[in-house]
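Undergrad: This is the structure I want to talk about, given as structure tokens.
The values are calculated or read from the model by the stated rules, or taken from the named source; none is laboratory data. It should be emphasised that the depicted structure is a prediction, and the values quoted were computed from it without experimental measurement. Positions of Cβ are backbone-derived with ideal geometry, glycine not excepted, and every protein chain shown enters the neighbour counts.
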Amino acid sequence: MKRKRALSLLLAMCLALLPALSAAAAEEVGPMAVESVEITGLDVPVVGEPLDAEVAVGSGNCRVERITWSPAAETAEAGGSYAAAILVSPAEGFVFTEDTAVTVNGGSEGLTVALIAEEGGQQGWLRIECPALEPFTRIDAIAVTGVVEPRAGETPTLDGLAAPAGANYAVQRGSGSFWSCGDEPDFSEMQIMAEGERFAAGRYYALAIGLDIRDGCVLAPPERLEATVNGAPADVAGEVLGSGLIIKYYGPLEDETPYVFPFADVEQSESNWYYLPVRYANQTGLIAGKSATTFEPDARMTYAEAIKLAVCMRTLHDGGDPGALKPSAAGPWYQSFVDLARDLDIPWEFADYGAPATRADYVRIFYAALPAAEYAAINEIRDDAIPDVKTADPCAAEIYAFYRAGILVGSDAAGTFHPGDSIRRCEVAVIVQHMMDPATRRTVALAP
């Protein structure tokens, strides 16, 4: 019992001493010194605009109490001179010292810093006096002219860049540059064009123009600044005091090279039933000639040519350039297309790629070139309606789909198909146009 009383008495004595110990510890540690005060966001006075009343401080160990301007004014006037004084108080547990470093907008030149013994009932505030500034003139609109706009196949020309006479800004000498943004408008991946590089059709480009801002002027914030290049709207990409940067975007560039029909063995007349389909297929890069100037309309399409055409149609459908697909540099010319067809799930395995393709086989190959959704039915063709193609025959599903979509209509009123025959190149051009341009598809009603 006596032992328990002694322990209780000892515990009570310890508890009684805790407040005194805590106070002594606090007195021993004391407030922490603020090493630096970094003020940001103080705007220069601008003629006709309110003087800045809000700034930010870069740490949580102090806060800005208020900003006063001398002379006191609501807005800056031309010919005046205005100096800002910023009052800063320390957070609880902190104190300013003579060694506290102070910057305003990243600089300390011209600042007068003083510790205030007491201000508004508070002790130890910091008074930061900034040098007096004459108010700037705000530039709300900028315009640059003399840009030779990009055209596919040409090199950049920027010798004539100029700002309007008497403007408060000027184009920086040699600052204009074009940047390539690729096949998509991905401006985060811009690369400056190399010397002598030509603009390419289908690509996006950005023109960057640097500006020198006249002394005593400043650009308006991007959301308020109107920028134009050759009279067309442009974007403000960034600005710092004394300079600015505007960006004008272009693209995708069109191929403005006039198309010249190359084939001397195809009569260029709308009365020629396959002229327009051949022209369409050649102009879109789907079909090339047997040579630079001959098409050979009556030649029979081979399996290799059918596979190449299917790959090219898939490429065009998916937004690519079929003309960019190249034959194999080594081995059979068609090997690169066979490899692509295999990757695209287009039929590619045939015993003789140089043999004329049967009509049934070319339909099977062509059908795989486009998604099934591209073959919406516009004709009512009942099963077994095609005289020489029954629904149980090989390739029948693809053949009937082409009839129902208006891509094929048959060789006579009954709709005869001739699945085992080969097909002429001129006929292929018509089918290719029907596949890629649904507006050219035909309606048909097969004889019962």
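Undergrad: Please verify whether Ala132 is of a type in the set (A, V, I, L, M, F, W, C), closer than 30 Å to Val55 by Cα and out of contact with any Cys (no Cβ under 8 Å at 6 or more places or on another chain), treating the condition exactly as stated.
TA: yes
Undergrad: Does region 420-429 include one or more residues that are within 13 Å of Ala360 (Cα to Cα) and either aromatic (Phe, Trp, Tyr) or touching a Cys at 6+ places or on another chain (Cβ under 9 Å) (or both)?
TA: Scanning region 420-429 turns up no residue that is within 13 Å of Ala360 (Cα to Cα) and either aromatic (Phe, Trp, Tyr) or touching a Cys at 6+ places or on another chain (Cβ under 9 Å) (or both).
Undergrad: Let me ask something else about it. In region 195-221, which residue that is without any contact (Cβ under 8 Å) to a residue 60 or more places away in the chain and either among the aliphatic types (A, V, I, L, M) or assigned by TED's automatic domain parsing to the domain that holds Asp43 (or both) is farthest from Ser177 (Cα to Cα)?
TA: Ala201
Okay, residues lined up against (1) modelled with pLDDT of 90 or more; (2) under 30 Å from Glu65 (Cα atoms); (3) exposed (fewer than 14 other Cβ atoms within 10 Å of the Cβ):
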| residue | (1), (2), (3) |
| --- | --- |
| Leu126 | yes, yes, no |
| Leu133 | yes, yes, no |
| Thr145 | yes, no, no |
| Glu149 | no, no, no |
| Ala152 | no, no, no |
| Ala194 | no, no, yes |
| Arg224 | no, yes, yes |
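Undergrad: What number of residues within region 259-300 are crowded, with 19+ Cβ neighbours inside 10 Å and in a loop (DSSP other than H, G, I, E, B)?
TA: The number of residues fulfilling the criteria is 7.
Undergrad: From the list Ala91, Ala114, which one is over 23 Å from Thr137 (Cβ atoms) and touching a residue at least 24 places away in the same chain (Cβ under 8 Å)?
TA: On inspection, the qualifying residue turns out to be Ala91.
Undergrad: Of everything in region 369-421 that's outside any loop (DSSP other than H, G, I, E, B) and not small (Gly, Ala, Ser), which residue is nearest to the chain's Cα centre (by Cα)?
TA: Only one residue tops the list, namely Glu374.
Undergrad: Let me ask you something else. Restricted to region 40-61, and to residues that are over 35 Å from the mean Cα position of the chain (by Cα) and closer than 17 Å to Glu129 by Cβ, which residue is surrounded by the fewest Cβ atoms within 10 Å (Cβ to Cβ)?
TA: Ala53
Undergrad: Inside region 95-137, can you point out the residues that are under 15 Å from Val57 (Cα atoms) and either of a type in the set (A, V, I, L, M, F, W, C) or in contact with a helix residue (DSSP H, G or I) (Cβ under 9 Å, 6 or more places away or on another chain) (or both)?
TA: Phe96, Ala101, Val102, Val104, Trp125, Leu126, Ile128
Undergrad: Moving on to the next point. Six or more apart or on different chains, Cβ atoms under 8 Å: show the pairs whose first residue is in region 388-415 and in the same structural domain as Tyr362 (by TED's automatic domain parsing) and of a type in the set (S, T, N, Q) and whose second is outside any loop (DSSP other than H, G, I, E, B) and surrounded by 19 or more Cβ atoms within 10 Å (Cβ to Cβ).
TA: Partner pairs satisfying both residue conditions: Thr391/Tyr400.
Here is a yes/no grid of residues against (1) among the β-branched types (Val, Ile, Thr); (2) loosely packed, with under 13 Cβ neighbours inside 10 Å:
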{"site": "Met190", "(1), (2)": "no, no"}
{"site": "Ile213", "(1), (2)": "yes, no"}
{"site": "Asp235", "(1), (2)": "no, no"}
{"site": "Thr257", "(1), (2)": "yes, yes"}
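Undergrad: Could you list, in sequence order, the residues of region 303-343 that are surrounded by 20 or more Cβ atoms within 10 Å (Cβ to Cβ) and either part of a loop (DSSP other than H, G, I, E, B) or hydroxyl-bearing (Ser, Thr, Tyr) (or both)?
TA: Matches in region 303-343: Tyr303, Thr315, Tyr334.
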